[in-house]
Amino acid sequence: MFDAPYYAALGLSSIHEKVLSGRRLSFDDGLALFNCPDITAVGALALHARRRLHGDAAFYVVNRQINYTNVCVNGCTFCAFRRDEDEEPGAFRLSKEDILERLRAARQSSLHLDELHIVGGCHPKLRLAWFEDVLRTVRGLYPDLPLKAFTPVEIEHFARLEGISSQEVLQRLQAAGLVMMPGGGAEIFDEKLRPQICPHKADAAAWLRISGEAHALGIKTNCTMLFGHLENYAQRVDHLCRLREQQDKSGGFTCFIPLPFLTENSRLKLPEERLGPQSGLDRLRTVAVSRLMLDNIPHIKAYWIMMGPKLAQTALWYGADDLDGTIVEERIGHMAGAESSQGMTITELENMIRQSGFRPVRRNAVFETMPPDAPGERKPAEARP
């Protein structure tokens, strides 16, 4: 890390002292970090905070992601994934058997899964009972496979569709096998901006409330922020502060994932100054500031699908400690223009981490470290049902 006089020259003397002593940063501190001209100085502070929490460990998960539909009632202007109706070109909706077939194929491959990640659009005709049936069936077939599914936005949609409370939805899904929730749908919490990008989606208060309800039931969740669209630095810091406040109350966020806005096929058009190669620096800065502001959320993820593998590797030096996982098939980011591959092997992920100067640590859906003798990749000849 740079020395105290260097940070004093940048106007970050008090922030430097707070980071070294482990004290909480303020809203104004977060804004100062976003506006600091020296991104390496910000990154060094984030690396210090990251090493204090995790040393040289960098986490990954052996997972299979399944997007069950892209038909969605929310109509978000930024979303390239969504379709309005089943009949619209590019629309899809998986049956239960489609989901099970994808899971069987993953189980028969060289991977031993530690997480099944299920997420999709808010379909107007898929009822809660269908999802309960899917979870119960998967749990019956693979009782040791942790099920991570459904964002707070999906939970709010199920509640409206069924005419019941979001808490009852969560209780029913938990009884069916849900143990972890992804953190999508948070987008940006600012009440003036949110209607411009996702006017029909669950609002900030609902998203935070449902996350708290899940935590109270013992369901861990992730949390996210969509950035790089129409928001400003103050709105980003406000978003981070609201997540931190919710974590103080309910304590169930395991990981924060900053999601860069990908522009391809989106109806939301950006001003020219938001485009271009400088966006890579903004992504690293956002990872770093997130690590420094979110002192009560254990993990920061550099989601390699949306950041790209090279930038995700670099982000490990800017405060991130998790890269996500093998994934196998991902549609949301790729329909928005993600240029990364659809998946990685365990060997590729571990090499990616080691080449970055960190130590790979395999985890499961709820961020429990897997034992060293956990099954790795099988050779194809050894694959079995």
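Conditions tested, residue by residue: (1) within 27 Å of residue 188 (Cα to Cα); (2) not in a helix (DSSP H, G or I).
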| residue | (1), (2) |
| --- | --- |
| 6 | no, no |
| 16 | no, no |
| 24 | yes, yes |
| 32 | yes, no |
| 51 | no, no |
| 59 | yes, yes |
| 75 | yes, yes |
| 79 | yes, yes |
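Among (1) modelled with pLDDT of 90 or more; (2) in contact with a Leu (Cβ under 6 Å, 6 or more places away or on another chain), where does residue 30 come up short?
In the conditions (1) modelled with pLDDT of 90 or more; (2) in contact with a Leu (Cβ under 6 Å, 6 or more places away or on another chain), residue 30 misses (2) alone.
Of all residues in region 167-179 being within 21 Å of the chain's Cα centre (by Cα) and more than 16 Å from residue 120 (Cβ to Cβ), which is surrounded by the most Cβ atoms within 10 Å (Cβ to Cβ)? Write out each step before concluding.
So the first thing to find is which residues in region 167-179 are within 21 Å of the chain's Cα centre (by Cα), and the list is 170, 173-174, 177-179.
Right, trim to more than 16 Å from residue 120 (Cβ to Cβ) and you get 170, 174, 177, 179.
Numbers: 170: 23, 174: 16, 177: 21, 179: 20.
Ranking the qualifying residues of region 167-179, first place goes to 170.
Taking the options 164, 155, 99, name whichever one is exposed (fewer than 15 other Cβ atoms within 10 Å of the Cβ) and either under 22 Å from the mean Cα position of the chain (by Cα) or among the β-branched types (Val, Ile, Thr) (or both). Give the derivation first.
Working: 155 fails: exposed (fewer than 15 other Cβ atoms within 10 Å of the Cβ); 99 fails: exposed (fewer than 15 other Cβ atoms within 10 Å of the Cβ).
Among 164, 155, 99, only 164 is exposed (fewer than 15 other Cβ atoms within 10 Å of the Cβ) and either under 22 Å from the mean Cα position of the chain (by Cα) or among the β-branched types (Val, Ile, Thr) (or both).
Given (1) surrounded by fewer than 24 Cβ atoms within 10 Å (Cβ to Cβ); (2) under 20 Å from residue 295 (Cα atoms), where does residue 223 come up short, assuming only one miss?
(1) is the only condition that residue 223 fails.
Looking only at helices (runs of 4 or more DSSP H) that fall completely inside region 95-204, which ones have 1 or more residues that are within 20 Å of residue 221 (Cβ to Cβ)? Give the derivation first.
Working: elements: 96-108, 128-141, 152-162, 166-176, 194-197.
Here the list reads 128-141, 152-162, 166-176, 194-197.
With the requirement that a residue be farther than 20 Å from residue 257 by Cα and assigned to a helix (DSSP H, G or I), what does region 34-49 give you?
Going through region 34-49, the residues farther than 20 Å from residue 257 by Cα turn out to be 35-38, 40-41.
Those that are farther than 20 Å from residue 257 by Cα and assigned to a helix (DSSP H, G or I): 35, 40, 41.
I need the full set of residues from region 307-329 which are among the polar types (S, T, N, Q) and either assigned to a helix (DSSP H, G or I) or modelled with pLDDT of 90 or more (or both), in order please. Let's see the steps before the verdict.
Here is the first cut: in region 307-329, the ones among the polar types (S, T, N, Q) are 313-314, 326.
If the condition is that a residue be among the polar types (S, T, N, Q) and either assigned to a helix (DSSP H, G or I) or modelled with pLDDT of 90 or more (or both), then 313, 314 are the ones that fit.
Considering only region 62-72, I want to know if a residue exists there that is at pLDDT 95 or above and assigned to a loop (DSSP other than H, G, I, E, B).
First pass over region 62-72, keeping only residues at pLDDT 95 or above: none.
Checked against the condition, which is being at pLDDT 95 or above and assigned to a loop (DSSP other than H, G, I, E, B), region 62-72 yields no hits at all.
Can residue 337 be described as on the phi > 0 side of the Ramachandran plot, surrounded by fewer than 22 Cβ atoms within 10 Å (Cβ to Cβ) and at pLDDT 85 or above? Working first, answer last.
Numbers: on the phi > 0 side of the Ramachandran plot: yes; surrounded by fewer than 22 Cβ atoms within 10 Å (Cβ to Cβ): yes; at pLDDT 85 or above: no.
So residue 337 does not fit the description; no.
What are the pairs with Cβ atoms under 6 angstrom where one residue, in region 261-273, is closer than 22 Å to residue 308 by Cα and the other, located anywhere, is polar (S, T, N, Q)? Sequence gap at least six, or different chains.
268/77
Are there any pairs, at least 6 apart or on different chains, whose C-beta atoms fall under 8 Å, with the first in region 65-87 and under 17 Å from residue 160 (Cβ atoms) and touching a residue at least 60 places away in the same chain (Cβ under 8 Å) and the second outside any strand (DSSP E or B) and of a type in the set (Val, Ile, Thr), and if so, which?
Between residues of region 65-87 that are under 17 Å from residue 160 (Cβ atoms) and touching a residue at least 60 places away in the same chain (Cβ under 8 Å) and residues that are outside any strand (DSSP E or B) and of a type in the set (Val, Ile, Thr), the close pairs are 74/153; 76/197.
Of all residues in region 120-152, count the ones that are within 20 Å of residue 212 (Cβ to Cβ) and either more than 17 Å from the chain's Cα centre (by Cα) or β-branched (Val, Ile, Thr) (or both). Walk me through it before giving the result.
Restricting attention to region 120-152, the residues satisfying the condition of being within 20 Å of residue 212 (Cβ to Cβ) are 148-152.
Retained after the next criterion (residues that are either more than 17 Å from the chain's Cα centre (by Cα) or β-branched (Val, Ile, Thr) (or both)): 151.
Final tally of qualifying residues: 1.
Look through region 295-304, keep the residues that are among the hydrophobic types (A, V, I, L, M, F, W, C) and crowded, with 24+ Cβ neighbours inside 10 Å, and return whichever of them is farthest from residue 29 (Cα to Cα). So that I can check it myself, show each step before the final result.
Within region 295-304, the subset among the hydrophobic types (A, V, I, L, M, F, W, C) is 297, 300, 302, 304.
After this cut, where a residue has to be crowded, with 24+ Cβ neighbours inside 10 Å as well, the list is 300, 302, 304.
Details: 300: 19, 302: 22, 304: 28 Å.
That would be 304.
Across region 238-277, what is the number of residues that are among the hydrophobic types (A, V, I, L, M, F, W, C) and crowded, with 19+ Cβ neighbours inside 10 Å? Lay out the reasoning, then the answer.
If we filter region 238-277 for residues that are among the hydrophobic types (A, V, I, L, M, F, W, C), which is where we start, we get 240-241, 243, 253, 255-257, 259, 261-262, 268, 270, 275.
The next check asks that each one be crowded, with 19+ Cβ neighbours inside 10 Å; those that pass are 240, 243, 253, 255-257, 259, 261-262.
Number of matching residues: 9.
Picking from 280, 252, 276, which residue would you name as being at pLDDT 95 or above and among the small types (Gly, Ala, Ser)? Full working, then the answer.
Details: 280 fails: at pLDDT 95 or above; 276 fails: at pLDDT 95 or above.
Criteria check complete, one pass: 252.
Could you list, ordered by first residue, the pairs with Cβ atoms under 6 Å in which the first is in region 283-299 and under 15 Å from residue 48 (Cα atoms) and touching a residue at least 60 places away in the same chain (Cβ under 8 Å) and the second is among the polar types (S, T, N, Q) and part of a loop (DSSP other than H, G, I, E, B), at least 6 apart or interchain?
Nothing qualifies.
To keep it simple, each residue is scored yes or no on (1) modelled with pLDDT of 95 or more; (2) assigned to a loop (DSSP other than H, G, I, E, B).
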{"residue": "222", "(1), (2)": "yes, no"}
{"residue": "230", "(1), (2)": "no, yes"}
{"residue": "236", "(1), (2)": "yes, no"}
{"residue": "244", "(1), (2)": "yes, no"}
{"residue": "257", "(1), (2)": "yes, no"}
{"residue": "284", "(1), (2)": "yes, no"}
{"residue": "288", "(1), (2)": "yes, no"}
{"residue": "296", "(1), (2)": "yes, yes"}
{"residue": "305", "(1), (2)": "no, no"}
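Report whether or not residue 91 is touching a residue at least 60 places away in the same chain (Cβ under 8 Å) and not in a strand (DSSP E or B).
On the way: touching a residue at least 60 places away in the same chain (Cβ under 8 Å): no; not in a strand (DSSP E or B): yes.
So residue 91 fails the test.
Restricting region 1-37 to residues that are within 14 Å of residue 291 (Cβ to Cβ) and basic (Lys, Arg), which is surrounded by the most Cβ atoms within 10 Å (Cβ to Cβ)?
Taking the candidates together, the pick is 18.
The values are calculated or read from the model by the stated rules, or taken from the named source; none is laboratory data. Just so it is clear, the structure is predicted and the values come from calculations on it, not from any experiment. No Cβ is skipped: glycine too gets one built from the backbone with ideal geometry, and neighbour counts run over all protein chains shown.
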